Amino acid sequence: MLTAVAGAAMLTTPATADAATASAIKTAGVVTVRDMSDCRDGWLCVWEWTNYQGDRYSRKSAGTMELEDSWRDRITSVWNRRNSSVVLVNVRTGFPDVTKTVHAGDAIADLGKEGYFLGGNWNNKVDKIILK
Ligand SMILES: [Ca+2]
């Protein structure tokens, strides 16, 4: 599912690219390398739109990241370039929170295609991120 753009970028990527990067490119589907490349190795990056487009927010260190109001219910794509997993959390009032784990190296181009346990999907649901 790589686009011509992604293919072009891979030409510039050494054959010895680390496994995490290769895995992310493989699982990302349609990607825009210009924007994905803004996400540095070792960081978690989230974007407001599909395919790693729009405003981006990044974090590296472990811990719980309570998203500020401007980022709550806004995240649509994710790339976890850290060496450990992160947990996306939808905070619910009066009910247990709902979580989705994104393993090290994984990229999700469209949370709208990720099923949510009550039906629907994960697009624009994340309120908090736990970085392991
Ligand atoms: Ca939410």
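No lab work stands behind these numbers, since they all come straight from the coordinates. Bear in mind the structure is a predicted one, so any value in this text is a computation, not a measurement. All Cβ positions, glycine included, derive from the backbone under ideal geometry; neighbour counts span all protein chains shown.
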* Distance in nm between label sites at residue 62 and residue 40, each 7 Å beyond Cα in the beta-carbon direction? -> 2.0 nm
* Structure fact -> Fewest-first ordering of 48, 66 by Cβ atoms within 10 Å yields 66, 48
* Structure fact -> Once amide hydrogens are built 1.01 Å from N within the peptide plane, the residues lying 5 or more places from residue 127 or on another chain with amide H under 5 Å from its amide H are 73, 89, 90, 91
